[in-house]
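Q: Pasting in a structure now, in structure tokens, and then I'll have a few things to ask.
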Amino acid sequence: MELTIEKLGGEGVSIARAEGKTVFVPFGVPGDVVKAEIREDKRTYCRASITEVITPSPDRVAAPCRYFGDCGGCAHQNISYEAQCRHKHALLTELFRAIATPVDAVVPSPSVFGYRSKMQLQCARSGSRILAGFYRSHSRSLVPIDRCPLHTDEVNALARTTVRLLNDLRLPAFDARMRKGLVRDIVIRSNTKGESMLTLVIHDRDFEKRAAFSKAIFRRHPSLAGFFTFHNPRDTEYVFADGENITTNTRHSPLEKVYGKAIDESFAGMRFALSPLTFFQVNVPQAQRIAAFLAECFGHATSAATGGLIDAHAGVGAFSLALAPKFTEVLAVELVRDSCELAIQNVRMNRVPNVRVRHSSDVRALGEILSRDGMDRYPNLLLDPPRAGLSEDMRAMIPSMQFKRIVYVSCNPHTQARDAAVFTANGYRVTRIAPFDMFPHTYHIECVMVFERS
């Protein structure tokens with residue numbers, strides 16, 4: 001069938017119309033006229049794949065990555081970057097159409113390639129050799145890669161060397177069906193200074209060739225700061241199984257430092273200690289733009305600089321410390337134990353006197369503050385939840401707390417829109433919707449919403 005691609009959908013597929021149905025088409029570009037083959041036909045929609053581009057859109061470009069269309073990592077490398085930002089803005093405008101406040105123009109990423117500071121490769125067995133790469137979209141079928149353009153040349157080189165050494169040492173990949181083998185994943189994190197740390201996620205603690213591997217990898221990569229292993233024996237798709245609940249400086253921790261040290265990162269004029277397990281924004285220059293925007297949001301509030309701030313999902317404290325000069329005090333709340341320990345370390349290292357770190361869930365911390373201190377002490381709230389958005393308990397609690405200003409950072413505008421509807425129904429008005437493109441060539445978009453009491 002012949003289709004005209006009309007727009008992009010929220011999960012990275014393009015959308016066309018045919019015979020009264022919505023047609024979802026991967027890798028289409030709005031403005032394309034294509035021949036397509038139906039793969040799945042439902043009552044109100046169908047899924048199709050492009051067999052021929054009859055007339056390409058003016059926004060269609062050649063994807064620079066030879067794995068594009070096979071690897072599940074990128075959805076939009078075949079769209080010019082300017083058009084990617086334009087289409088993401090259109091998606092957000094439609095998503096937030098019930099809100100009178102217009103969506104700001106998308107802030108583009110400072111770098112379109114080489115921007116990711118973390119690479120996570122899955123491993124699989126091919127005969128007696130290890131293959132490493134990314135999964136195909138919506139599958140557990142591995143696409144072996146030797147270079148990803150979203151990462152730096154140094155990180156790509158370290159990944160290639162790691163795979164080559166694992167094979168030279170005849171270290172087997174883990175086979176999930178047979179429950180045998182050693183290496184499950186390769187995780188590399190780098191910083192803006194060019195340093196990196198490598199973690200092998202292993203199924204068995206017994207890794208008798210770790211000394212030989214360590215010596216060889218450090219000899220080949222002088223920028224490698226530290227080498228770690230993480231023991232994950234569980235039947236799970238999570239790379240760092242139970243990584244959120246461990247204390248890393250104990251003898252029984254699944255995370256083991258083999259040699260070297262963990263890296264740190266410069267952010268907002270300060271240094272932040274990291275570990276292989278902790279979350280930190282993978283596009284650091286763009287995250288610094290978000291931090292500057294948050295400071296602007298709180299700085300322009302009529303009463304924002306008075307009283308304190310609760311950072312309800314603080315991580316290692318990046319936004320808490322960056323915003324500390326704006327407030328009398330900052331309470332950094334973090335549930336993940338390893339991140340909480342690093343946040344405490346980062347507060348001390350940067351000598352920020354008015355930030356206090358608390359290991360707690362967001363609901364428990366806010367509930368205790370409400371019952372003990374009322375709202376006079378903390379009239380400002382910063383939210384930065386995971387993709388699932390706020391829990392049902394948090395959505396119910398926040399309106400009753402009567403914050404004067406809430407700034408909500410989200411990597412999933414769909415769950416953010418759901419949460420925003422609760423706030424606006426309970427006396428808050430949206431004063432700003434500001435998108436930042438944190439992940440060029442993917443369908444993901446970071447969005448900041450600002451709420452004030454009506």
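Q: Within the set of pairs 6+ apart or on separate chains, which have a first residue in the stretch 162-177 that is over 14 Å from V201 (Cα atoms), a second that is of a type in the set (G, A, S), and C-beta atoms under 9 Å apart?
A: Within 9 Å, the pairs are L165/A212; L165/A216; N167/S128; D168/A216; L169/A212; L169/A216; R170/S128.
Q: For the stretch 309-329, state whether one or more residues are exposed (fewer than 15 other Cβ atoms within 10 Å of the Cβ) and either touching a His at 6+ places or on another chain (Cβ under 7 Å) or more than 22 Å from V448 (Cβ to Cβ) (or both).
A: The answer is yes, given that some residue of the stretch 309-329 is exposed (fewer than 15 other Cβ atoms within 10 Å of the Cβ) and either touching a His at 6+ places or on another chain (Cβ under 7 Å) or more than 22 Å from V448 (Cβ to Cβ) (or both).
Q: Go through (1) in contact with a Cys (Cβ under 7 Å, 6 or more places away or on another chain); (2) at pLDDT 95 or above and name the single condition A324 misses.
A: Tallying (1) in contact with a Cys (Cβ under 7 Å, 6 or more places away or on another chain); (2) at pLDDT 95 or above, A324 fails exactly one: (1).
Q: Of all residues in the stretch 121-135, count the ones that are within 21 Å of E11 (Cα to Cα) and open to solvent by 50 Å² or more (accessible area, probe 1.4 Å).
A: 1
Q: Hey, does the stretch 342-350 have a residue that's closer than 23 Å to K404 by Cβ and either in contact with a helix residue (DSSP H, G or I) (Cβ under 7 Å, 6 or more places away or on another chain) or assigned to a loop (DSSP other than H, G, I, E, B) (or both)?
A: No: zero hits.
Q: Take the conditions open to solvent by less than 40 Å² (accessible area, probe 1.4 Å) and outside any helix (DSSP H, G or I) and apply them to A75. Does it pass?
A: Answer is yes for this residue.
Q: Out of curiosity, is V183 under 28 Å from M438 (Cβ atoms), β-branched (V, I, T) and open to solvent by less than 40 Å² (accessible area, probe 1.4 Å)?
A: Spelling it out, it is not the case that V183 is under 28 Å from M438 (Cβ atoms), β-branched (V, I, T) and open to solvent by less than 40 Å² (accessible area, probe 1.4 Å).
Q: How many residues are part of a loop (DSSP other than H, G, I, E, B) and surrounded by fewer than 17 Cβ atoms within 10 Å (Cβ to Cβ) if we restrict to the stretch 362-415?
A: 9
Q: Continuing with this model, one more query. Would you mention how many residues in the stretch 262-286 are free of Cβ contacts under 8 Å to residues at least 60 places away in the same chain and either surrounded by fewer than 19 Cβ atoms within 10 Å (Cβ to Cβ) or assigned to a loop (DSSP other than H, G, I, E, B) (or both)?
A: Residues in the stretch 262-286 being free of Cβ contacts under 8 Å to residues at least 60 places away in the same chain and either surrounded by fewer than 19 Cβ atoms within 10 Å (Cβ to Cβ) or assigned to a loop (DSSP other than H, G, I, E, B) (or both): 2 in total.
Q: When you scan the stretch 16-32, how many residues do you find that are of a type in the set (A, V, I, L, M, F, W, C), within 15 Å of T55 (Cα to Cα) and open to solvent by less than 30 Å² (accessible area, probe 1.4 Å)?
A: Of the residues in the stretch 16-32, 2 are of a type in the set (A, V, I, L, M, F, W, C), within 15 Å of T55 (Cα to Cα) and open to solvent by less than 30 Å² (accessible area, probe 1.4 Å).
The values are calculated or read from the model by the stated rules, or taken from the named source; none is laboratory data. All values derive from a computational prediction rather than experimental measurement. Note that each Cβ is placed from the backbone with ideal geometry, even for glycine, and that neighbours are counted across all protein chains shown. To get the accessible areas, we keep the full protein, side chains included, count just its heavy atoms, and leave off ligands, DNA and RNA. Shrake-Rupley method; radii C 1.70, N 1.55, O 1.52, S 1.80 Å.
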